[in-house]
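Here the structure comes first, spelled out in C-alpha cells, and everything after it is commentary.
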Amino acid sequence: MLTLVLGSYVQANCLQVPDLPAAGQSLLAAGYWSEHGGKGLNVGVALHALAAETALLLPVGDDNGGRQISAELSQMGLDTRWVIVCAAQSGYGVGLIDARGDNVIAVFPGANAHLTPAMVCDALDRSRPRRVYAQLEIPLESVLAAFSAARRLGSYTVLNPSPWRPITSELLALTDTMIVNAAEAATLFADNGARLTLSAERWLELLPEMADTIAWQGDWLIVTLGDQGCVALGRQEVIHVGAWPVEVRDATGAGDAFSAGWLWAQDRYPPEHALLAANACGAFIAERDGVLAHLPDNAALTAFMASRPAPGIRRISRAF
C-alpha cells in the first residue's frame, strides 16, 4: 500500500539556547547540531523506518547537501529515482530550541520552491499511490495539483499545512485528513490565538464547531496539542488521546513523526489506537536531540509503547 510523500529537503542547523530570544536580543548557544532535515524528508524516512511502502518525491539542489542526502537515502533502501535536482541550492533551515524543548524555525526553501505541478503529477501517474501526503515547504500550487490528481486516481490525501499558509477552499475540499498543531489550528479557524490555552477537554468539545467555520468535509481533522496529546474529529466521533510521558528535549520533528505514525497506523488499527501510535512516534522524537537518526522502527516503537503507561482516551459521539 504505497504512500507518495511530497517531500522537502532542508539542511537543518539547530542551536540550543536557554530561552527563545526577544526581538533584538543576542544569545550564546549552549549546543549546536546539524543534520539532513525537511518536513517531507522526515515523514518519508519515518514511514520507511516503520516498514511502510514509501515513495519520497524529494527536491534537492545541485550541491553537497543534495548529493549527500541522495546517497544516504540509497543506503537506507529508499528508491532515489524520486530525488529530483530542481535548483542550484538545496533548502536551508535554522532552528532555536530552548531548555523546555520549545522552538522557532526559519527555512529558506531553495530547491523546494522549484517542485512544479508537472513534477508531482508525473510522480502520481507513475507510482499510482494509495495515499498522498503533502506539507507546505513546497509550492501550494504543486500540492493542489497533486491532490487534484489524487482525487482522479482515487488516492487518499493527507495534508499537514506547515509552514502555515492560508489554505484555499479548493485544497480543503480535496483533503481527506488534515493534521495541524494548536497554533496552526488557531489561525485556520481565524481565532488569532485565543484558543491556544484551551484544555484538551475544551478542544474535544469545541472542535466540531470550529470545523464548521471552515466547512470541513474530510474524514479526519487532527489537532496536535503537545503535552496534552491530540484531538481528532472524525465523521462519527471526536477523540482525545493523551500524551505519552516523556522529558522533552527537542520537539522540532515531533509533528513530522506524528504524521508518519498516523499514515502508518491508520489502516492497521482502530482510530484511537492509530492516534496512540502517532502520539508515540512524536513523543519518541521529542525526548531526543535531532530527528532523522532517531526515527523509530517497528521494534523501537513497540518497545517505547510497552515501557510506559498508555495515555487515556476519551471520545464523544457527534450529534447531527
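The values are calculated or read from the model by the stated rules, or taken from the named source; none is laboratory data. Worth saying up front: this structure is predicted, and the values here are computed from it rather than measured. Every residue, glycine as well, gets a Cβ built from its backbone with ideal geometry; the counts of neighbours run over all protein chains shown. Areas reflect the complete protein model, heavy atoms only, side chains present, ligands, DNA and RNA absent. Shrake-Rupley method; radii C 1.70, N 1.55, O 1.52, S 1.80 Å.
Observations on the structure shown:
- Among beta bridges identified by DSSP and lying wholly in the chain, the antiparallel ones come to about 45 percent.
- Between the residues Ala88, Thr302, Trp164, the greatest Cα displacement towards the positive end of the dipole of the chain, with unit charges on the Cβ of Lys, Arg, Asp and Glu, is found for Thr302.
- About its Cα centre, the dipole of the chain is roughly 580 debye, where the only charges are +1 on Lys and Arg Cβ and -1 on Asp and Glu Cβ.
- Antiparallel DSSP beta bridges within the range 2-147, percent to nearest 5: 40
- Heavy-atom accessible surface of Glu137, to the nearest 10 Å², is about 30 Å², with a 1.4 Å probe and all protein chains retained.
- The residues neighbouring Cys281, those whose beta-carbon lies less than 15 Å from its own, together hold a net charge of 0 under the Lys/Arg +1, Asp/Glu -1 convention.
- Antiparallel DSSP beta bridges within the range 159-254, percent to nearest 5: 55
- Sites Arg151 and Asp102 - FRET efficiency at Förster radius 35 Å, r taken between beta-carbons, to 0.05: 0.40
- Whole-percent carbon and sulfur share, accessible surface of the chain, 1.4 Å: 52
- Highest average packing first - 19-25, 108-114, 152-158, Cβ atoms within 10 Å: 108-114, 152-158, 19-25
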